[in-house]
Amino acid sequence: MNDQGFLMSDTTHISLQVTGLSCAGCAGRAERALAAVEGVKSASVNLANATGQIVAAADLPPTALTEALKSAGYPAAESQISLQLEGLTCASCVGRSERALLAVPGVLSASVNLATQSAQVRYLTGSTKPAILAKTVTAAGYPARIREDEGDEQELADQRKDKEIKTLARQTLIAAVLTLPVFVIEMGGHLFPALHHWVAANIGMQNSYLLQFVLTTIVLAGPGRAFYTKGYPALLRGAPDMNALVALGTSAAYGFSLVSTFAPGVLPAGTANVYYEAAAVIVVLILLGRWLEARAKGRTGAAIRKLVGLQAQSALVITDGAAVETPIEQIATGDLIRTRPGERFAVDGEVITGSSYVDESMITGEPVPVAKSIGETVTAGTVNGNGALDYHATRVGSDTMLAQIIRMVEQAQGAKLPVQGMVDRITMWFVPAVIGAATLTIVTWLLFGPDPALSFALVAGVSVLIIACPCAMGLATPTSIMVGTGRAAEMGVLFRKGDALQQLQEVKLVALDKTGTLTEGRPTLTEFSCAKGFERTQVLRLVAAAEAHSEHPIASAIVAAAGKDLPQADSVEAIPGYGLQAKVDCRALLIGADRLMAREGIEIGDLSDTGAALAKRGETPLYAAIDGQIAAVIAVADPIKPGTRAAIQAFHDQGLKVAMITGDNAATAAAIAADLGIDEVKAECLPAQKVEVLKQLQSEYGALAFVGDGINDAPALATAEVGIAIGTGTDVAIEAADVVLMSGDLRGVVNALTVSRATMRNIRQNLVWAFGYNILLIPVAAGVLYPFGGPLLSPALAAGAMALSSVFVLSNALRLRRLKPALKETPVAPPVVLAPSPAE
């Protein structure tokens, strides 16, 4: 990975699902196991959604990852898909199709059957999708479709989660029913002496112990079996986790009770007590906590499921004049598709016939439907209004904007913030430290505790093991990230890099590009004054002919004003930050800012006064020279975006400074800044100078965010602590950015800041709770308050506290789902006209 965060060509990104994670220690060990694989550049494992994100060498076999995780005790989840192929005629076809499938990152094995014309593909769950596999083998020359009996991957994942929740609920209920008699007999006897006497007289104490033994054994061997099958192997590997703590604690209570029941004589006098209820209640409460945790985790991924739900499953493809319902994975670039009123667009495309209004709020966050007609682009997942539209597919499958949004959100949700590094270092040693603390507690009580010291030691030691909760620490950060980035996506704000969440709340200044960021980027010609000896119509035609070869918004305005039938321009060359030069009708043209004329030694003359007047009005004066003589001064105006004023005011309300970096001359820039209330202006900046200007601002103000939309902004976006790209901008700018605003509205930056601050505040709350809980309650469980008349916590209460600690963290993170946008992206004022910069 290079210093701008782009994936190099010799690396690949693999996502996978990791099983068996029960606490932060598990996630840390799985992460270290992946990072140790030769060829892995970076690896992160997210406890909240049980996913791993790996950047590795392109030639790394995915089996190396699965073997590493299996050895660590956390196997990667695997999926299998069946594809129906066409065009297989020989063994060579089989080999080529298999190699194509095996080249997809995350594919473990591919077996193609020539006789049945089918393929069986086994891959790491989450690393790819069935539709991508089908598209890959189709591109290799063998049209493929997913067999109808194969379920949707997201649906299968949801089914697995639902099954897990139902299994935990069933186990909890069974354990609770079996534990209730044990709890009533043992604890009820302590609370109500009459009940104790009744049990002794009618059942007998030994029979009572035997009944408790039978019921508790069923609880531990049945619903609680997973704690032992996972905990003890982890302990033997020298990598104890949460399951190991539960297994040790309940085994100690259960083992001591067995001795008290069947061989009480080997224990010191007065210590032969049973703790069956402690072992059973611990299992019940921890299962209850995990059930609640699983339900809460399911809600943290609601944003992704909502985005996935926007994907259409099929579309009407027009072939030979007939509309045929076609599965989305079979749609190819160039297909002609018809979308009827009220339907979702299946893929990205360009409208060929028809007109309608399209609801894009699910993608951009903007509530007002957008008019679409011939030549306009439509986006997969958006909803057509009351008119039918035919459009050509331009991007399909994983290339659509919706698929890219889902991918960005998934990767941001799996990212690790810098603050997580501290948590990881602590949780790595947390479980061994807890085992050590429990051992020390037992020894201390045996040496210094009152009689019966053994009973006190057992209760305190088990309580320490059970009350410790690395889960809360491990969930504190990733759950907040998942919910926060998901809520941001619903607002039209995409965090491409998870650490931008933490960095954005630290910025002191917001630096803004102008054209396309502050303004609409759709300028119109407002002034075209010619020097003596030049005729306006002729000069405009020559200038427009040269500008027709430029993609700059100013060029579009000039060409539109000149009309059609323009002469041919030759030798057109853009001069970054200055303008362009060309030859039209054998005449040499120079078009650009006053600094271009100065560089070429061309006197502006009387037109300088006109240019100065335009600059004072907030318009950008451009000049045209023909054959070395000044010919005209040109001005274009660009309407300011409706939300710009509100956004700048919101930045100020949040205590932030605002800077504008523009290629405009100083007078124009000053007029614009005064009109909008911008604090700092850096004018007449060439594209190459933006990075230096940003570094100056960083040294003066500290951390900053830069907002831009063009190719020229990519270096600046990469230089800023947080680069924010307008979603309507260029792909290069979006690739260089940390955050993408889907709507192109500057108010999205305010919402991004709001999400960042709310998420980091939520993370801090979770961490304070998680660490505070353990720091305060582990000593209480060890009995430090007992000598001072305080309580000695029972293992059952310790289990309840532990179960609730994780639920608290998850519930607190879920509050972010109710976060409201700081500024709603609706029109707030009539557009104001400002000038675009020729250097932007």
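The values are calculated or read from the model by the stated rules, or taken from the named source; none is laboratory data. No experiment lies behind these values; they were computed from the predicted model shown. Please note: Cβ atoms are built from the backbone with ideal geometry, for glycine as well, and neighbour counts cover all protein chains shown. The accessibility values were calculated without ligands, DNA or RNA, using every heavy atom of the protein model including side chains. Shrake-Rupley method; radii C 1.70, N 1.55, O 1.52, S 1.80 Å.
Side notes on the structure shown:
- Remark: spin-label model distance L267-R599 equals 9.0 nm, labels positioned 7 Å along the Cα→Cβ axis.
- Per-residue HN-Hα couplings for segment 620-627 [Karplus 6.51, -1.76, 1.60; θ = phi - 60°; Hz; x = Gly/Pro]: 9, x, 10, 10, 10, 10, 10, 6
- Rounded to 10°, Cα long-axis angle of helix 418-448 versus longest principal axis of the chain: 10
- In the set (1) 106, 78, 55; (2) 110, 77, 50; (3) 121, 71, 50, the label that goes with Cα extents along the principal axes in Å computed for this structure is (3).
- Between helix 553-562 and the chain: long-axis angle, C-alpha atoms, 0 to 90°, nearest 10: 40
- Residue pairs exceeding 26 angstrom between C-alpha atoms, taken from K583/K641; K161/K230; K230/K297: K583/K641.
- Taking H552, H197 and ordering them by how much accessible surface each has at a 1.4 Å probe, largest first, produces H197, H552.
- Sequence-distant residues sharing a close amide H with I678 (under 5 Å, placed H): none
- The aspartates and glutamates whose alpha-carbon is closer than 17 Å to the alpha-carbon of K129, local same-chain residues fewer than 8 away aside, are E78, E98, E148, D149, E150, D152, E153, E155, D158, E329, D399, E410.
- Built amide H within the under 5 Å cut-off of K41, gap 5+: V55, A56, A57
- The accessible area of R815, taken with all protein chains in place and a 1.4 Å probe, comes to roughly 110 Å².
- Simple label model, 7 Å out from Cα along Cβ direction - D451 to A58, nm: 7.8
- Charge tally in the Cβ shell below 15 Å around Y74, where Lys, Arg are +1 and Asp, Glu are -1, Y74 excluded: +1
- Ranking of V681, V55 by solvent-accessible surface, largest first: V681, V55 (1.4 Å probe, protein heavy atoms only, all chains present).
- 3J(HN,Hα) couplings calculated from phi for segment 768-776 with the Karplus curve 6.51 cos²θ - 1.76 cosθ + 1.60 (θ = phi - 60°) are, in sequence order, 4, 5, 4, 6, x, 4, 5, 5, 7 Hz; Gly and Pro show x.
- Area accessible to solvent at W445, 1.4 Å probe radius, in Å²: 20
- Contact order relative to length of segment 226-337, as percent, for alpha carbon pairs under 8 angstrom and 6 or more apart: 14
- For R344, the accessible area of its heavy atoms, probed at 1.4 Å with every protein chain present, is near 90 square angstrom.
- Residues Y623, Y357, Y275, Y701, sorted by accessible area with the largest first, give Y357, Y701, Y275, Y623 [1.4 Å probe; ligands and nucleic acids excluded].
- Histogram of C-alpha separations across segment 670-817, 10 Å bin width, %: 10, 24, 23, 14, 12, 11, 6, 1
- In the context of the full set of protein chains, residues of the chain present 41 Å² of accessible surface per residue (probe radius 1.4 Å, heavy atoms only).
- On the beta carbon distance between E535 and T353, with R0 = 35 Å, the FRET formula returns roughly 0.25.
- Per the Kirkwood formula applied to alpha carbons, segment 499-657 shows a radius of gyration over Rh ratio, Rg over Rh, of 1.08.
- Under-5 Å amide H pairs with A631, H placed in peptide plane, nonlocal only: A624, A625, I626
- For the chain: relative contact order, % (alpha-carbon pairs under 8 angstrom, 6 or more apart): 13
- Calculated log₁₀ intensity ratio I(q)/I(0) where the Debye formula runs over C-alpha points of segment 217-346, q = 0.11, 0.13, 0.18 Å⁻¹: -0.62, -0.71, -1.00
- To the nearest ten degrees, helix 276-300 and the longest principal axis of the Cα atoms of the chain are 10 degrees apart.
- Per-residue [θ]222 nm for the chain (sum of -39500 (n - 2.57) over DSSP H runs n ≥ 4, rounded to 500): -15500 deg cm²/dmol
- Computed from backbone phi, the HN-Hα couplings of segment 509-526 come to 9, 10, 9, 10, 6, 9, 5, x, 10, 6, 10, 5, x, 10, x, 10, 6, 10 Hz, rounded to whole numbers (Karplus: 6.51 cos²θ - 1.76 cosθ + 1.60, θ = phi - 60°; Gly and Pro given as x).
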